[in-house]
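Engineer: Supplied in structure tokens, the structure appears directly below.
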Amino acid sequence: MDKKEILKTFSADSDRYYKVKLFEEQGYERKSCSRCGRFYWSIDSNRNNCPQHSDDTYSFIGNPPTQKRFDYTQAWKEVESFFVKNGHTSVNRYPVVCRWRDDLYFTIASIVDFQRVMGSQVVFEFPANPLVVPQTCLRFKDLENVGVTGKHFSSFCMIGQHCIPNSEGYWKDQCVDLDFRLLTEQFGIKKEEVVFVEDVWEGGGSFGSSLEFFVKGVELGNAVFTEFQGELGKHSELEQKVIDMGAGLERFAWITMGTPTAYDCCFGPVTNQLIQKVGIDADSNLLTKYYTTIAKNIENYDDIFVARKHAIEQAGLTEQQVDRIITPLEGIYLIADHVRTLIFAISDGALPSNVGGGYNLRMILRRIIGTMDRLNLKFDMDEIIDTQIDYLKKTYPELEETREDVKKIISIESDRYENSKSRMQKIVGRIKDPSVDDLIRLYESDGVTPDYLKETNVISEIPSEFYSKLSELHQSAKKKEQVNLPLEGLPETELLYYGDDPKEFDAKVLKSFEKYVVLDRTSFYARGGGQEPDHGKIAGFEVVDVNKHGSIVVHETSGGIPKEGETVSCVVDSKRREGITKHHTSTHILNSSSRTVLGSWVWQHSAFKEVDHARLDITHHSALTDDEVRKIEELANAKVKENIPVTIENFDRGAAEQKYGFRIYQGGVVPVKSVRIVSIEDFDVEACGGTHTKTTKEVELIKISRTKRIQDGVVRLEFVAGDAAREYVKQHEADLETASADQLAKEARDKLRDIRKAEDRLKIPMLLKEISQTLIGTTRLRDIEIITTESRKFCWTKSDRYDEYFHINFGEKLVKANSEAVYCGIFEEAGTVRAIIHAGEDASKRNKAGDIAKAISKVLGGAGGGNPRFAQGGGPDKSKKDEAINKVKSMVFE
Ligand SMILES: [Zn+2]
Ligand SMILES: [Zn+2]
């Protein structure tokens, strides 16, 4: 559909489509721009042009039109309080990884939160009406502009004001009235400054009018009124009209702050800290002039580098000023922006990789590193992440939970990039004048980023189309194909496996053709969610496959088909079903075990469950170590032993999302309104249509047989459960026995040590008291030997009941309470003798602990040392422990 045509039609009847009550009340006049002809509404009688063609465009830079100043997080608080005060529910942001839509990797607009695709239709599901949401959106199309134009971001907060015009909601008049009052009352912008421009929106078969609102030439928001469907002229009204007002929070902050760029006021203290570190000293008038020009003119140029050059000329910047001020600022802005995007994406479970949406994340991380290298910026990535999260958590407290995970993933991915550099260097050596397609190929097949090529002077600039082309290539997931069968007119099949689940039942044959049978009801599980179908018999014919076509179950038989209209007896192979079910439930258990052991980034990527084996693919950055596999398996089997009930409840999809979050979509998008939530208490909660055991114990045992990194960012766990696991164990018994004997011995040792430590901790005060009270002479308390004279005390032990922990803690307390005492603890560890020496304040004046340690170590055939109060030493000669003690004795009492 042609947007221009729709706009022409709507603008021709502006009273009907655009004129809202507010315009009448406030005396807004409708005008046409003398330069572009677009229609706009304004109170200011002197205004002759639309906001984009006015002289005052971007004049707020250096001269904000408001009395109040709000930075990024404050600006949201203002917006939120205004809408809540006016009857809206404030909804938490949805994940930036768009798990509820098959066609999007990332959330690109706030309205996407509430869109659910059913078949070919998009329906809206609102958790409240009306509502407002601070939705973080990711867009990777204009990456070359980020950091340069002062206003482009790879992630931004879209203030979403959404409403369905029913008894709870409102329509155009009230929407525009609210937006006007938000600007004028809450933000203190003068009424004359607020200009509305007529526009239209169309997409996905529906369309409607929209009013964009501008202040000082900046579009702050766009109120879209989606109300029609079909072709213009033959269109009809939508049953479900929707208001989709989206506004950029970054711009709200920027207009009240009037900083040279939006980057200066939207990353909290981050930008300024980085500027301080680099030591950029810039005249604010000069920056105001430069960034006003670039912001104002960017739309007039196809190429950002031409726009930049123009702004440099206009602001009268010298080459030196560009090198010392503009270029490093651009680097800092880019880094601040890209790190923020990574924080949101990784927190919501996305990993940098070479597939799907992970491409964009890897790309921006490599741009960060490339920029730091090129400009020789020595920033601490963890510090930037910390500062960002400290700032952002005022609006997004959930980021706190994944702070360390974000750092970990970025650090792993950065190391990987550093390691690949030498390989890239070789490839780069062979390249001359690459085209955009060459660049894309280089990135996709070899991971060579254009930033790296820029850094190594192979190209002078990154072509503008590079990022948009790459982002198009990786924007949407692939569509599934389905065989078409003649099933028209057949009713939905009644699914008995969601009810009583009888393994023998009678059913009526509604249709049979070729090798296919459709029944009115069935207990045969149809292939789905990675679960293989049931087998068995229908009227004596073998069932070899079962598939769902829409809501109709089609059985495939071998050897013949029953007649249509017949009532047939059916038998499900219950042994096979049992095996599959155990493997299926185990998938849930293993998925959550993996996430608990590895980290929050673990999601189910895909799964496959057969009668005697299964596999679970999870998102994870590296191949699994043996230790990780062992821990996952141990946790999974601990959950099996706990005998936790597996409960199934049906929920309205929206209610389930609000209650459990988007973690429920482990198996992908659920295309139905009512979702089946399968929970293993709060250990694992997923939306799932498969068959499950009633408790975890029924799974009996889970054994991971093999793991493998199958693609960048995805690890496969092959495993067996139930009978198959027992069979597996039998086969591996010999190996396992030795392994588990070692394991048991180690566990017993560890346990004993822990018990001892705990006992010793309790004993220390009592022992100290007793030792302090010992009289002159020689005595022994709990394996500790004590020699006391008038002015000195020497305590030692070589008992194997005491370990390093005891000697360090006990010795320290002992000499603190007895300043004339020397303590010496001797113990064996890893095949050598070790000694720990403490000397009290008075004792250390005669014998320094360090000297004692040296002397002991010499006897034992090793080395030692320390300070006058505390020292350590030791050596390999176990036969000389007594000699070593005697040596100390002679030193103390000489
Ligand atoms: Zn204009
Ligand atoms: Zn399941």
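Engineer: Would you mind classifying the chain by shape? Square roots of the alpha carbon gyration tensor eigenvalues, ordered a ≥ b ≥ c; an a/c under 1.5 is rounded, otherwise it is prolate if a/b is larger than b/c and oblate if not.
Structural biologist: On the way: a/c = 2.35, a/b = 1.31, b/c = 1.79.
Oblate shape, in that a/c is at least 1.5 and b/c is the bigger or equal ratio.
Engineer: Taking H as built 1.01 Å from N, whose amide H comes closer than 5 Å to the amide H of H549, not counting residues under 5 places away?
Structural biologist: For H549, whose amide H was placed from the backbone, the distant partners under 5 Å are V554.
Engineer: While we're on this one: Note down the net charge around C50, summing +1 for each Lys or Arg and -1 for each Asp or Glu among other residues with Cβ under 15 Å from its Cβ.
Structural biologist: Working: positive: R30, K31, R35, R38, R47, K216, K296; negative: E29, D44, D55, D56, E193, E198, D199, E212, E219, E299.
Net charge around C50: -3.
Engineer: Would you grab the residues whose amide H sits under 5 Å from the one on I710? Only those 5+ places off in sequence or on another chain, please, with H modelled 1.01 Å from N.
Structural biologist: Counting only residues 5 or more places away or on other chains, the set is V715, R716.
Engineer: Assuming a ≥ b ≥ c are the square roots of the Cα gyration tensor eigenvalues, decide whether the stretch 502-659 counts as rounded (a/c under 1.5), prolate (otherwise, with a/b larger than b/c) or oblate. Please report the intermediate quantities before stating the final value.
Structural biologist: On the way: a/c = 2.54, a/b = 2.18, b/c = 1.17.
Verdict is prolate for the stretch 502-659.
Engineer: Separate question: Quantify, in whole percent, the carbon and sulfur part of the accessible surface of the chain (1.4 Å probe; protein heavy atoms only).
Structural biologist: Working: 18590 of 39970 Å².
Carbon and sulfur atoms account for 47 percent of the accessible area of the chain.
Engineer: Sticking with this one: Could you give the accessible area per residue of the chain, probe 1.4 Å, as a whole number in Å²? All intermediate terms of the calculation are to be shown ahead of the outcome.
Structural biologist: On the way: 39970 Å² over 894 residues.
Averaged over the residues of the chain, the accessible area is 45 Å².
Engineer: In sequence order, what are the phi-derived ³J(HN,Hα) couplings for the stretch 672-689 according to the Karplus relation 6.51 cos²θ - 1.76 cosθ + 1.60 with θ = phi - 60°, rounded to whole Hz, with x for glycine and proline?
Structural biologist: 10, 6, 9, 10, 9, 9, 9, 10, 10, 6, 9, 5, 8, 10, 9, 7, 8, x
Engineer: To continue, here is another question. Hey, what did the chain get for relative contact order, percent, Cα under 8 Å, at least 6 apart? Numbers along the way, then the final one.
Structural biologist: Working: 1653 pairs, mean separation 67.4, N = 894.
Normalised by residue count, the contact order of the chain is 8 percent.
Engineer: Okay, moving on. From the phi angles alone, apply the Karplus equation (6.51, -1.76, 1.60; θ = phi - 60°) to the stretch 536-551 and give each ³J(HN,Hα) in whole Hz, x where the residue is Gly or Pro.
Structural biologist: With coefficients 6.51, -1.76 and 1.60, one gets x, 9, 10, 6, x, 8, 5, 8, 10, 7, 9, 9, 9, 10, x, 9 Hz.
Engineer: For the stretch 831-839, what does the Karplus curve 6.51 cos²θ - 1.76 cosθ + 1.60, with θ = phi - 60°, yield as ³J(HN,Hα) per residue in whole Hz, taken in order and with x for Gly and Pro?
Structural biologist: Couplings: x, 10, 8, 10, 10, 10, 10, 10, 10 Hz.
Engineer: Can you tell me the relative contact order of the stretch 744-892? Whole percent, Cα pairs under 8 Å, sequence separation 6 or more. Write out the running numbers ahead of the final one.
Structural biologist: Numbers: 281 pairs, mean separation 23.0, N = 149.
That works out to 15 percent.
Engineer: Using the Cα gyration tensor of the stretch 240-306, with a ≥ b ≥ c the square roots of its eigenvalues, what is the shape: rounded (a/c below 1.5), prolate (a/b larger than b/c) or oblate (neither)?
Structural biologist: Working: a/c = 2.53, a/b = 1.44, b/c = 1.75.
Note, shape of the stretch 240-306 comes out oblate.
Engineer: Find out how many positive minus negative residues lie around I885, taking Lys and Arg as positive, Asp and Glu as negative, among other residues whose Cβ is under 11 Å from that of I885.
Structural biologist: Numbers: positive: K798, K880, K881, K887, K889; negative: E785, D882, E883.
Overall, the nearby charge balance is +2.
Engineer: Check T136: other-chain or 5+ apart residues with amide H under 5 Å from its amide H, H built from backbone geometry?
Structural biologist: Residues meeting the criterion, in which the H sits 1.01 Å from N, are Y94, M158.
The values are calculated or read from the model by the stated rules, or taken from the named source; none is laboratory data. Remember, it's a predicted structure, so these values are computed and weren't measured experimentally. Backbone-built Cβ (ideal geometry, glycine too); neighbour counts: all protein chains shown. Accessible surface is based on the protein model in full, side chains and every heavy atom, while ligands, DNA and RNA are left aside. Shrake-Rupley method; radii C 1.70, N 1.55, O 1.52, S 1.80 Å.
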